[in-house]
Amino acid sequence: MTEPRYFALPVDAVLPELCRCLAEQGGAVLEAPPGAGKSTRVPLVLLDAPWRGDGRLLVLEPRRVAARAVAGFMAHQLGEPVGRTVGYRTRLDTRVSAATRIEVVTEGVLTRMLSHDPALEGYAAVLFDEFHERSLQADLGLALVQEVRQALREDLRLLVMSATLDVGPLAEGLSLPTVRSEGRVFPVDVSHAPPGRDQDPWDHCARQVEALAGEGTVLVFLPGVGEIERLRERLSVAMPVQVLHGRLAGDAQAAVLAAPAGPRVVLATNVAETSVTIEGVTVVVDAGLERRPSYDPRRHRSRLVTRRIS
């Protein structure tokens, strides 16, 4: 394996404590703000943990875009292609091999893995990344893994990582120690520009993006693919306009994330909020809306609802 190409990240300061907790207490809850490096640094460091032996590390990401991006970044640090030491599994795409030691998977994949292999034989640890996003699959997966640790695999390590969740009750419920990492803080200027009462919101959003477009990357958060396409049709800027969402093909997603810093506009859903790094962002335009599943008791099923977010 090629010597890893590491650079300093805020999470590095707590890695010795984190490794000690996993070795001596079987797990930990890591609280680290966005940008600390927990998603890509921690799994690589745990490759050298004595307790791992020949076992694999299973890293759970809440989204397919994040799973591919995290696996790709770690493989790049090792100087390898994805699918060798670091691979990933999603519902529609898998890149793993016999040499894979870190598997990045989406949360639904873990549930299927546990149904076929309840003891998770061959895995030394399960890492839940971005647990603050919370979902039924993530909560179910954590409950099942905790059950496996208590009934079948006392040697199975568990690490839960979060950026914004109040980790105290979680750590207490899992009987695990808490490790906290400090992040880096940058000055941010915030302005509010709501559309007029009779103004088309996407025309207004397009004008705001055009006014703010400059030398860096303008990242625009939108609730869904439909809104991305509507805004793209309305934009008139002298720079590339790219899109990023979960339905985009893996190679197209990787191309957006790997693009060098420079003038461009990236229209994205909230897949770009966590675990994904876009180079050169100088301006963020947030439409203030998100699309989330909401349970309808009358129809006894969930439906997607567009609602305001801060």
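The values are calculated or read from the model by the stated rules, or taken from the named source; none is laboratory data. Values in this document were obtained by computation on a predicted structure and should not be read as measured data. Glycine also receives a Cβ, built like all others from the backbone with ideal geometry; neighbour counts cover every protein chain displayed.
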> Between residues in segment 229-253 that are under 18 Å from Val70 (Cβ atoms) and residues that are polar (S, T, N, Q), which pairs lie under 6 Å by C-beta distance while being six or more apart or on different chains?
Replying inline: His245/Thr269
>> Every residue in segment 256-270 that is of a type in the set (A, V, I, L, M, F, W, C) and under 17 Å from the mean Cα position of the chain (by Cα), please.
In response: Val256, Leu257, Ala258, Ala268
> Out of all the residues in segment 172-207, which are hydrophobic (A, V, I, L, M, F, W, C) and at pLDDT 85 or above?
Replying inline: Leu174, Leu176, Val179, Val188, Val190, Ala193, Trp202, Cys205, Ala206
> Which strands (runs of 3 or more DSSP E) does segment 204-310 wholly contain that include 2 or more residues that are touching a helix residue (DSSP H, G or I) at 6+ places or on another chain (Cβ under 9 Å)?
Replying inline: 217-221, 241-244, 264-268, 281-286, 289-296
> Restricting to helices (runs of 4 or more DSSP H) lying wholly in segment 1-113: which have 3 or more residues that are within 16 Å of the chain's Cα centre (by Cα)?
Replying inline: 38-46, 64-78
> Scanning segment 122-136 for residues that are at negative phi and either out of contact with any strand residue (DSSP E or B) (no Cβ under 8 Å at 6 or more places or on another chain) or not assigned by TED's automatic domain parsing to the domain that holds Val70 (or both), which turns out surrounded by the most Cβ atoms within 10 Å (Cβ to Cβ)?
Replying inline: Glu133
>> Can you pull out every residue in segment 147-173 that is crowded, with 17+ Cβ neighbours inside 10 Å and within 22 Å of the chain's Cα centre (by Cα)?
In response: Arg157, Leu158, Leu159, Val160, Met161, Ser162, Ala163, Leu165, Val167, Leu170, Ala171
>> If I filter segment 39-63 down to residues being charged (D, E, K, R) and buried (at least 21 other Cβ atoms within 10 Å of the Cβ), which single residue comes out as modelled with the lowest pLDDT?
In response: Arg63
>> With the structure loaded, tell me whether Arg89 is closer than 28 Å to Gln137 by Cα, among the charged types (D, E, K, R) and free of Cβ contacts under 8 Å to residues at least 24 places away in the same chain or whether it fails that test.
In response: yes
> Got at least one residue in segment 266-280 being hydroxyl-bearing (Ser, Thr, Tyr), in contact (Cβ under 8 Å) with a residue 12 or more places away in the chain and over 18 Å from Gly224 (Cα atoms)?
Replying inline: yes
> Can you name the residue in segment 92-109 that is at pLDDT below 90 and surrounded by 14 or more Cβ atoms within 10 Å (Cβ to Cβ) and is also farthest from Ala71 (Cα to Cα) among such residues?
Replying inline: Gly108
>> Where the second residue is assigned to a loop (DSSP other than H, G, I, E, B) and not polar (S, T, N, Q) and the first is exposed (fewer than 15 other Cβ atoms within 10 Å of the Cβ) and lies in segment 110-121, which pairs have Cβ atoms under 7 Å and are six or more apart or on separate chains?
In response: Pro118/Leu152; Ala119/Leu152; Ala119/Arg153
> Hey, among Glu279, Glu227, which residue is modelled with pLDDT of 90 or more and either out of contact with any strand residue (DSSP E or B) (no Cβ under 6 Å at 6 or more places or on another chain) or over 25 Å from Phe73 (Cβ atoms) (or both)?
Replying inline: Glu227
> Pick from segment 179-193 the residues that are in contact with a helix residue (DSSP H, G or I) (Cβ under 8 Å, 6 or more places away or on another chain), in a loop (DSSP other than H, G, I, E, B) and not basic (Lys, Arg): which of them is surrounded by the most Cβ atoms within 10 Å (Cβ to Cβ)?
Replying inline: Ser181
> With respect to Ala67, is the statement that it is surrounded by 16 or more Cβ atoms within 10 Å (Cβ to Cβ) and touching a helix residue (DSSP H, G or I) at 6+ places or on another chain (Cβ under 8 Å) true?
Replying inline: no
